[in-house]
Amino acid sequence: MLKLYHNDMSTCSQKVRFLLAEKGVEWEGVELDLRGGDQQRPEFLKINPKGLVPALDHDGNIVVESNIIIEYLNDVYPEPPLLPADPAGRAKARWWMKKLDDGMHLEVAVLSFAIAFRHQLIKACGSDEDLEKHFAGIIDPYIQEVQRQVVPHGVDSPRFVQAVQQYEKLLSEMNDALASHQWLVGDSLSLADIAYSPYVTRLDHLCLQGMWDDKPHVADWYSRLAQTKGYREGVTNWFSDKYLPLMNKAGLEASPRVAEIRDLVAY
Ligand SMILES: N[C@@H](CCC(=O)N[C@@H](CS)C(=O)NCC(=O)O)C(=O)O
């Protein structure tokens, strides 16, 4: 039995559900309310001591870390194959995925919290004291630091500048790769495309589509991706009204600041 601990709009959960739907695998879900602090409860910490979703329980084997989970599921359910057959192609797919763990995942957290999620968090906590308790309860030190840096000052936080610039760089790299083949690693959909889909979706939800206006291969990739079975069932079907109106509104408000930062450095 496959049990996935996840959250409807979490980027890392989106990629796992995308993969499960693309493979046509049945699964059972346990949804966590991240603003309500479900991920910090002792029952969940027994499953993932880092207090992060997603986490997979496959017949009692616990697998955490979204990129590891999608590789695991690709091994357990080999059809359709989602890694290239040749070692060089597999290495390239893993190179793309590693980039997310090496820093890009934190940049999406910066962007999302600085623009939108800070409003939910400040409201849910109600006071500076409770906000501090929330920060202190985040076990992953990098995510804790990011929230501390951006929740109080939003898009005026210096950390926000770095996130926009890193995103700009990433989208350029993706555009270059997609100029010579249909998907990130060759001409077939792979784990790399699945892993990156939530990061572009997040920009879309924050009304920052302008970030790929000058990157036609990214625009084309994203529109093809959105038509796949995996994306429709694993990502689109889970879009939540608890988040989207806020993300759209706050994203539009933040777009002049994003444009200003993009003008600072031309890549
Ligand atoms: N490297 C981890 C990152 C997981 C992660 O950051 N999960 C976020 C949601 S996308 C989370 O659970 N956040 C909980 C929190 O903000 O307290 C992975 O790839 O699975």
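Taken over segment 65-80, residues that are closer than 20 Å to ALA177 by Cβ and surrounded by fewer than 19 Cβ atoms within 10 Å (Cβ to Cβ) amount to 0.
Of all the residues that make up segment 40-71, how many are polar (S, T, N, Q), modelled with pLDDT of 95 or more and closer than 24 Å to LYS242 by Cα? Working first, answer last.
Start the filter on segment 40-71 by keeping residues that are polar (S, T, N, Q), which leaves 40, 48, 61, 66-67.
Those still in the list that are modelled with pLDDT of 95 or more too: 48, 61, 66-67.
Then keep just the ones that are closer than 24 Å to LYS242 by Cα; that gives 66.
Result for segment 40-71: 1.
In segment 252-265 there is no residue matching the filter, namely being buried (at least 21 other Cβ atoms within 10 Å of the Cβ), closer than 21 Å to PRO81 by Cβ and out of contact with any Pro (no Cβ under 9 Å at 6 or more places or on another chain).
Inside segment 69-170, counting only helices (runs of 4 or more DSSP H) that do not spill past its ends, which hold 2 or more residues that are in contact with a Lys or Arg (Cβ under 8 Å, 6 or more places away or on another chain) and farther than 29 Å from LEU4 by Cα?
141-150
Any residue in segment 191-199 that is open to solvent by 10 Å² or more (accessible area, probe 1.4 Å) and not hydroxyl-bearing (Ser, Thr, Tyr)? Among the residues of segment 191-199, not one is open to solvent by 10 Å² or more (accessible area, probe 1.4 Å) and not hydroxyl-bearing (Ser, Thr, Tyr), which makes the answer no. Taken over segment 179-218, residues that are over 20 Å from GLN14 (Cβ atoms) and part of a helix (DSSP H, G or I) amount to 5. For segment 220-250, which residues satisfy the criterion of being buried (at least 18 other Cβ atoms within 10 Å of the Cβ), among the aliphatic types (A, V, I, L, M) and closer than 21 Å to PRO80 by Cα? Matches in segment 220-250: LEU225, VAL235. LEU100 meets each of the listed conditions (1) over 30 Å from ASP156 (Cα atoms); (2) within 16 Å of the ligand (Cβ to nearest atom); (3) buried (at least 17 other Cβ atoms within 10 Å of the Cβ) apart from (1).
So if I check each of LEU264, LEU189, LEU252, LEU203, which one is in contact with a Cys (Cβ under 7 Å, 6 or more places away or on another chain) and at negative phi? It would help to see each step written out before you state the result.
On the way: LEU264 fails: in contact with a Cys (Cβ under 7 Å, 6 or more places away or on another chain); LEU189 fails: in contact with a Cys (Cβ under 7 Å, 6 or more places away or on another chain); LEU203 fails: in contact with a Cys (Cβ under 7 Å, 6 or more places away or on another chain).
Result of the check over LEU264, LEU189, LEU252, LEU203: LEU252.
Can you say whether HIS217 is open to solvent by 10 Å² or more (accessible area, probe 1.4 Å) and either touching an Asp or Glu at 6+ places or on another chain (Cβ under 6 Å) or at pLDDT below 95 (or both), as far as the supplied structure shows?
In short, no.
Among the residues of segment 31-90, what is the count of those that are among the hydroxyl-bearing types (Ser, Thr, Tyr), touching a residue at least 24 places away in the same chain (Cβ under 8 Å) and farther than 19 Å from TYR199 by Cβ? Lay out the reasoning, then the answer.
Within segment 31-90, the subset among the hydroxyl-bearing types (Ser, Thr, Tyr) is 66, 72, 77.
Pick out the ones that are also touching a residue at least 24 places away in the same chain (Cβ under 8 Å) and you get 66, 77.
Then keep just the ones that are farther than 19 Å from TYR199 by Cβ; that gives 77.
Summing the residues that are among the hydroxyl-bearing types (Ser, Thr, Tyr), touching a residue at least 24 places away in the same chain (Cβ under 8 Å) and farther than 19 Å from TYR199 by Cβ in segment 31-90 gives 1.
Would you say GLU129 is more than 30 Å from GLN182 (Cβ to Cβ) and out of contact with any strand residue (DSSP E or B) (no Cβ under 6 Å at 6 or more places or on another chain)? Criteria met by GLU129. When we screen ASP102, ASP57 for residues that are among the acidic types (Asp, Glu) and within 16 Å of the chain's Cα centre (by Cα), the only hit is ASP102.
The values are calculated or read from the model by the stated rules, or taken from the named source; none is laboratory data. All of these numbers come straight from a predicted model, not from anything done at the bench. Methodologically, a virtual Cβ is constructed for each residue, glycine included, from the backbone with ideal geometry; neighbour enumeration extends over all protein chains shown. What goes into the accessible areas is simple: the full protein's heavy atoms, side chains included, and nothing from ligands, DNA or RNA. Shrake-Rupley method; radii C 1.70, N 1.55, O 1.52, S 1.80 Å.
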